[in-house]
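Report on the structure given below.
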Amino acid sequence: MGSPKDSAGQGADSARYWDRYSDRILGGSVLLVLLVGTLAYSVIEDWSLVDSFYFSSVALTVVGFGDLEPSTDFSKIFTVFYIFSGVAIVGAWLNMRLKRRSKKAAHRREVAFGHTSETAPNVQPEPPESPASEG
């Protein structure tokens, strides 16, 4: 059995692994979900691959144009679970992308201005001057 120090080291290693490969893992998951949806709708609904891909994309982006819709009970139930899982995966991927973009912007600010938002000087706006009373 490993010491607590060993398990903490493993946690740090897995965090570094996730930071390094999360873009690939989540991006691949998004593509996999689109592929599964495309193939499933092509088989279940007998749609073309283009229509199936289109419906899968529209469903996962929660746009819902309504021009294509599942027609069987099985495909409707599949769609519910497909959207729940797919939106979660797409949301996780978008969240990760936005966090990385935010970190890069913070780094650029730090390089440009020499401080981070946490260490920025606390500058309070001056209160507006009251109009001079005429008397």
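Residue pairs whose Cβ atoms lie under 6 Å apart, sitting 6 or more positions apart in sequence or on different chains, and linking a residue in region 69-94 that is at negative phi to a partner that is among the charged types (D, E, K, R) and at pLDDT 95 or above, are P70/K76; S75/E45. I'd like the full set of residues that are without any contact (Cβ under 8 Å) to a residue 24 or more places away in the chain, part of a helix (DSSP H, G or I) and of a type outside the set (A, V, I, L, M), limited to region 39-55. Within region 39-55, S42, D51, S52, F53, Y54, F55 qualify.
Considering every residue within region 111-121, establish whether at least one is modelled with pLDDT under 75, aliphatic (A, V, I, L, M), out of contact with any Ser or Thr (no Cβ under 9 Å at 6 or more places or on another chain) and surrounded by 10 or more Cβ atoms within 10 Å (Cβ to Cβ). Quick ask: steps written out before the conclusion?
The initial filter retains those residues of region 111-121 that are modelled with pLDDT under 75, namely 115-121.
From the residues that got through so far, the ones that are aliphatic (A, V, I, L, M) too are 120.
Cutting the leftovers down to out of contact with any Ser or Thr (no Cβ under 9 Å at 6 or more places or on another chain) gives us 120.
When the remaining residues are screened for being surrounded by 10 or more Cβ atoms within 10 Å (Cβ to Cβ), the result is 120.
Yes; the residues of region 111-121 include at least one that is modelled with pLDDT under 75, aliphatic (A, V, I, L, M), out of contact with any Ser or Thr (no Cβ under 9 Å at 6 or more places or on another chain) and surrounded by 10 or more Cβ atoms within 10 Å (Cβ to Cβ).
Evaluate region 72-90: report whether one residue or more is modelled with pLDDT of 95 or more, acidic (D, E), out of contact with any strand residue (DSSP E or B) (no Cβ under 7 Å at 6 or more places or on another chain) and surrounded by 11 or more Cβ atoms within 10 Å (Cβ to Cβ). Checking region 72-90: not a single residue is modelled with pLDDT of 95 or more, acidic (D, E), out of contact with any strand residue (DSSP E or B) (no Cβ under 7 Å at 6 or more places or on another chain) and surrounded by 11 or more Cβ atoms within 10 Å (Cβ to Cβ). Restricting region 50-75 to residues that are of a type in the set (A, V, I, L, M, F, W, C) and over 19 Å from the mean Cα position of the chain (by Cα), the residue that is nearest to T38 (Cα to Cα) is F53. Scan region 74-90 and give yes if some residue there is out of contact with any helix residue (DSSP H, G or I) (no Cβ under 9 Å at 6 or more places or on another chain), of a type outside the set (K, R) and not in a helix (DSSP H, G or I), otherwise no. No, region 74-90 contains no residue that is out of contact with any helix residue (DSSP H, G or I) (no Cβ under 9 Å at 6 or more places or on another chain), of a type outside the set (K, R) and not in a helix (DSSP H, G or I). Does L32 satisfy being exposed (fewer than 13 other Cβ atoms within 10 Å of the Cβ) and touching a helix residue (DSSP H, G or I) at 6+ places or on another chain (Cβ under 8 Å)? Here the answer is no, as L32 does not meet what is asked. Screening V62 with (1) touching a helix residue (DSSP H, G or I) at 6+ places or on another chain (Cβ under 7 Å); (2) surrounded by fewer than 17 Cβ atoms within 10 Å (Cβ to Cβ); (3) modelled with pLDDT under 95; (4) not in a loop (DSSP other than H, G, I, E, B) gives one miss only, at (4).
The values are calculated or read from the model by the stated rules, or taken from the named source; none is laboratory data. Just so it is clear, the structure is predicted and the values come from calculations on it, not from any experiment. Here Cβ is always computed from backbone atoms with ideal geometry, including for glycine, and neighbour counts include all displayed protein chains.
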